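Everything on this sheet refers to the single structure shown next.
The values are calculated or read from the model by the stated rules, or taken from the named source; none is laboratory data. A quick note: this is a predicted structure, and the numbers were derived from the prediction, not measured. Heads up, the Cβs are rebuilt from the backbone with ideal geometry, glycines too, and the neighbour counts pull from every protein chain shown. The area values use the complete protein model at the heavy-atom level, side chains included, leaving out ligands, DNA and RNA. Shrake-Rupley method; radii C 1.70, N 1.55, O 1.52, S 1.80 Å.
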Amino acid sequence: MKDGPEALMVGLRQSIELCENGGVYIQADSAVDFVRRDVDNRDRPIPIVNDQKSEIAGVRVADLRQPIRRDKQDAIKEALEAMTFHVKYEMESTPEFVAKQREKGRSQEQIDRMRTVVRKNKSLRNDSKQNVSIIWRADDPDMYKFDLNERLRRRREANEDTAEDPPKPEWHTVATYFREKKGINLRYPHLPIVFIGNREWFPVEFLTQALHKAKGANSPQHVNDVLAYYDENSGRDGVENIKRLLMKCASLEKHGLHFDHILQQFGITRENRPLEVTARVLPEPVLKFKNSAAAIRNGSWDLRDKEFSRYAALACAHCASPKRQ
């Protein structure tokens, strides 16, 4: 594969087939996908903002403590649009927050869990109100600010039966909202915020990369790489490749369990060598024409000098003769 932001990732796909005669077969095949080269694919989350390399979504910037220059904005937006990401932050457990949750009857364990907010497998969305998906500073009210009481005020204004006065506007930037309402001081208040839908804007420093099928996976480069892999691992080479993958996966475990341990709970044992069956060569099909039968040459039907027994009627035909202007 040519050098680029993505690399070919080879894995193993397994399934269990239950047959009518009581037989159980495990089907195994190699699987191909793509991952970004700059992503650490282990279990720990990979932040979109890379402090050590001074990068946002793989795009190098001069200083993370300063607003993003215009000449970098298009590259960052393009990189974020190609990603799936998770959003995660942990708010401060203020006395007001705890008291409010206690009033709702929540336990301390529930309150502790509520402090961590997670949005999984998100991507950039266009905010119809702002008509953008990225705002380039979290702390600039001229770029973006919102009224925290807007929805409550609208509900009370629409409810003529209530005697309560609508709340006054309370304006915030995303940076001031997280500082005053969540107890979080953003590390990079000058960096962008992104819109993920449902009226939610989040600082880019809350984002971590999510492994996913690469967008543009049907690009010519991706198709050529996949075809080259299967061409290299075809026939007997493909079988040997799957056996190697099975042996390698046999040593992997999750939560202290191997794949074989899970199978054993259902009374199933697995062998890493494939099942051998006797194959037979089927006779070639016969394709008869009016004057003779057609033969297969080099994997294709040889239809030279062959006449059809009955011709189809051509009701009408048109001939176009374009003229150069």
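Some observations on this one:
- Put a dot 7 Å past the Cα of N121, heading toward its Cβ, do the same for L18, and the two dots end up 2.6 nm apart.
- The label-point distance for T84 and Y229, in a model that sets each label 7 Å from Cα toward Cβ, rounds to 1.7 nm.
- 32 Å Cα-Cα threshold exceeded, pairs from K100/K120; K53/K88; K72/K168; K72/K120: K72/K168
- Cα-centred dipole magnitude for the chain, charges only on beta-carbon of K, R (+1) and D, E (-1), debye, nearest 20: 600 debye
- Think of the chain as having a plus end and a minus end, set by charges on the Cβ of Lys, Arg, Asp and Glu; of L246, C319, V286, C319 sits farthest toward the positive end of this dipole.
- Calculated FRET value between I26 and L152, using beta carbons and R₀ = 56 Å, to 0.05: 0.45
- Ranked by the mean number of other Cβ atoms within 10 Å of their residues, highest first, the peptides 195-208, 70-83 come out as 195-208, 70-83.
- Each residue of the stretch 22-144 gets 262 Å³ once the volume of the Cα convex hull is shared out per residue.
- Charge dipole (debye, nearest 20) of the stretch 42-183; +1 at Cβ of Lys and Arg, -1 at Cβ of Asp and Glu: 520 debye
- Cβ-derived FRET efficiency at R0 25 Å, V286 paired with L314, nearest 0.05: 0.35
- Relative contact order of the chain, defined on C-alpha pairs under 8 angstrom at six or more residues apart (%): 16 percent
- The stretch between E170 and R60, if pulled fully straight at 0.36 nm per residue, gains 36.0 nm over its current Cα-Cα span.
- Protein heavy-atom accessible surface, 1.4 Å probe, per residue over the chain: 74 Å².
- The mean sequence distance of close C-alpha pairs (under 8 Å, at least 6 residues apart), as a share of the length of the stretch 113-208, puts its relative contact order at 34 percent.
- Theoretical FRET efficiency, 1/(1+(r/R0)^6), r = Cβ-Cβ of K145 and Q110, R0 35 Å, to 0.05: 0.60
- Net dipole in debye of the stretch 112-171 [+1 Lys, Arg Cβ; -1 Asp, Glu Cβ; about Cα centre; nearest 20]: 560 debye
- Which labelled figure in [x] 1.18; [y] 1.56; [z] 0.98 is Cα Rg over 2.2 N^0.38 Å, once derived from the coordinates: [y]
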